[in-house]
1. If the chain between Lys158 and Lys461 were fully stretched, how many nm would it gain, using 0.36 nm times the residue separation less the Cα-Cα distance?
2. So how do 251-262, 384-395 stack up, highest first, on mean other-Cβ count within 10 Å?
3. Could you calculate the FRET efficiency of Arg87 with Leu352 from 1/(1 + (r/R0)^6), where r is the beta carbon distance between them and R0 is 35 Å, rounded to 0.05?
4. Taking only C-alpha pairs under 8 Å that are 6+ residues apart, what is the relative contact order of segment 171-322 in percent?
5. When only the heavy atoms of the protein chains count and the probe is 1.4 Å, how do Arg154, Arg144 rank by accessible area, highest first?
6. So what's the net charge close to Glu348: Lys and Arg +1, Asp and Glu -1, counting the other residues with Cβ under 14 Å from its Cβ?
7. Given a Förster radius of 25 Å and the C-beta distance between Thr329 and Thr102 as r, what FRET efficiency does 1/(1 + (r/R0)^6) yield to the nearest 0.05?
8. With r as the distance between the Cβ atoms of Ala484 and Leu113 and R0 = 45 Å, compute the FRET efficiency 1/(1 + (r/R0)^6) and round to 0.05.
Amino acid sequence: MNPYANPGHAPVVARVTHAPPPLSSTRCFLLRFKILPYLSATSCTNPPFSMGQSPSTSAAPPSDLNRLQIAQLHPNTDSDSTDYTLRLSDDCLAAIFHFLNTADRKRCSLVCLRWRLVDGQRRHRLSLNAQPELLDFVPSLFNRFDSVTKLALRCDRKCASINDEALVLISLRCRNLTRLKLRGCRDITELGMAGVGDNCKALKKLSCASCMFGAKGIAAVLDRCFTLEDLTLKRLRGVHHIGDMAVGAAASLKSICLKELVNGQSFAPLLIGSKKLQTLKVIGCTGDWDETLVRVGCSNNGLVEVHLEKLQVTDVGLVAVSKCLGLDTLHVVKTAECSDVGLCAVAERCKLLRKVHIDGWRTNRIGDDGLVAIAKHCLNLQELVLIGVYPTFSSLAAIASNCGNLERLTLCGIGTVGDAEIECIADKCVALRKLCIKGCPVSNAGIGALASGCPNLVKLKVKKCKRITGKGVEWVREQRVSLAFNYDDSEFEALDGGASDGVGGAQHNTVEFLPNIINQTTVAEAEASSSNNNNRMTMLRSRFGFSAGRNLVPGAFRRWSNSDNVSSSSFG
C-alpha cells in the first residue's frame, strides 16, 4: 500500500517546462553553406503560386545545370560571401530541400532559377485548390512539377470545382500518379473519372469525399485501372447500384473504407467481388449490414482487419466475420445490437487477434463472457481498448493472466474498474507498455500500484478520475522517474470511442499551389454555442449519434433505459 492512498492533500503539481531543443543538424548544415540567409532575405509576398513542401522521396535527377554560368550570373567580390551551394550537386541540394519545412522550401524556390528547377523536378506530392481557374494553370504547373506521384484536389463546399476537362488534362500530365485524393469536387462526373482510369494506369490509392459522381464514377475507374489497391469513399453523393462490370476489375483491391454513405450497401457487389480484400472499414453507413457481411464472409475469408462503427449490425454479422480465421484487428464501435454471443464467436475462431477495440455504447450487452472468451482463445493479444462496457474483476484478471503479450490497454468510462482491477493489472501485465484510464472510479491506491508494477510501462495516461489527486500522482512520478505520466483532472467531457480515423488517416503536410487570380477565402468552422443548454444538447447528440449521416440503431434507447449496471459516476 502506498503512503498516499488517502486522497486530497496537495494540488496538482505543475509540469516543468523543458528547455528548447538544440539546433538541429540540418539547420547547422544550412548555416554552414549559407542557405539560411537566402531563406530569411527572400521575399515571398507575391509568388506566382503559394507553395510548400512535405517530405518525399527523390526522383531520378536530370543533368546538373552549368555551374560556371550560374557563377557568372552571381559574381562574388568578397571571399566571405562565397556561395558554397554552387559546389553542391543537384541531388545534394534536393536532399537539403527534403528536410525543410513548408515555408522555407517555398522561399528556396524563389532564390534562383537553379533552386527553382531542383525543387520542382524532385517534388512528388502536391495539393491543389481545385477551383475552375486551375484549368488555365495546368500546363505550366505540371511542366514545372513533372514528377508528381501523389496529388490532392480540394475545393471548398461553397465554391465551384474543376470539371471533367480539367481532371482529364491533369491525368494526362500525371501518368505516373499512384495516389489521388478528391475533396469537394462536385462538378466532376463519371466521364472525368473514366479519364483518370484511362491515363493513370499506375494508380494504387483513390480517396473521394463529398463528390457527386456516385458509384458510376467509381465503377468507371475500377473498370479501367487494374492496379488499384486502396479505395476510400466518404459522403459520396449520387450513389447508385454498382454493376457487375466493376466486380472483375476489383480483383486488385486490398483495402476498402466506406464512411457516412446514405446508400452504402450499393457497394455490396464490390465488397463481395474483391477476393484479395484484407481491410474492410464501414463507418456510419445506413441500412442493415448483416446480409452484406454474411456474403463477404462466405466469399472472402482472407480479411485481416475489420472496422464496424455506428452501424446496424447484429451478432449475425459478427458470426460472419468470425469465418475470417486470419483476422488480426477488430473494431466494434457503437454497434448497439452486438453482444457477447457474436464476440465469443469471433474470439473462438479468430485466434490470431492482436488488436481489439470495443465501444459498448453503454448498452451493457458486451461484458464478462465476451472478454473471457478473448482471454481464453486470443493469447497473442497486444492491444485492447474497452469503452462503455462493464467487465468485472474476473474477466480483467483472465486477460491479464492469459494475454502475456498485452502491450497497450485502454479503459474508458467503465464504472466497474476500481483499485482492485488496476492492482491486478499492475501485478500480472508484465509486458504492458501503455495504459490509459479515463472516467473510472480509481483512487490513489490503484494508481500507486503502478509505481512498482508493470515493469515495462513507459506511458501512463489518467483523465477524468475524480478520486485521484495530485498527491498520488506526484508520488508515482517520484517512484518512476522515467514514466511518462499524463494526468488531467479537468471537468467532464463526453467520452467518445469512435475509431473513424481510417478514412482520412493522418493529415499530410502537403503543399498547396493556389493561383493569384483565385480569391482566397477562409471558411471558419461553425462555433459551438456558448450557452449551457446548447452544450448539453451537443453532448447528447454526439453520444446518441444524431449528427447528419449517422444511423440511429432502433432499440438503443430501450436498452439504455433498461441497463441497471450503468453508473453515472463512470463519466464524471
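1. Fully extending the segment from Lys158 to Lys461 adds 105.0 nm.
2. In descending order of packing, they fall as 384-395, 251-262.
3. E between Arg87 and Leu352, to the nearest 0.05, is 0.05.
4. Relative contact order here is 16 percent.
5. Correct descending sequence by accessible area is Arg154, Arg144.
6. +1
7. The formula returns an efficiency of 0.15 here.
8. It comes out at approximately 0.40.
The values are calculated or read from the model by the stated rules, or taken from the named source; none is laboratory data. A quick note: this is a predicted structure, and the numbers were derived from the prediction, not measured. Counting neighbours? That spans all protein chains shown, and the Cβs are built from the backbone with ideal geometry, glycine included. Heavy atoms of the whole protein, side chains included, go into the accessibility calculation; ligands, DNA and RNA do not. Shrake-Rupley method; radii C 1.70, N 1.55, O 1.52, S 1.80 Å.
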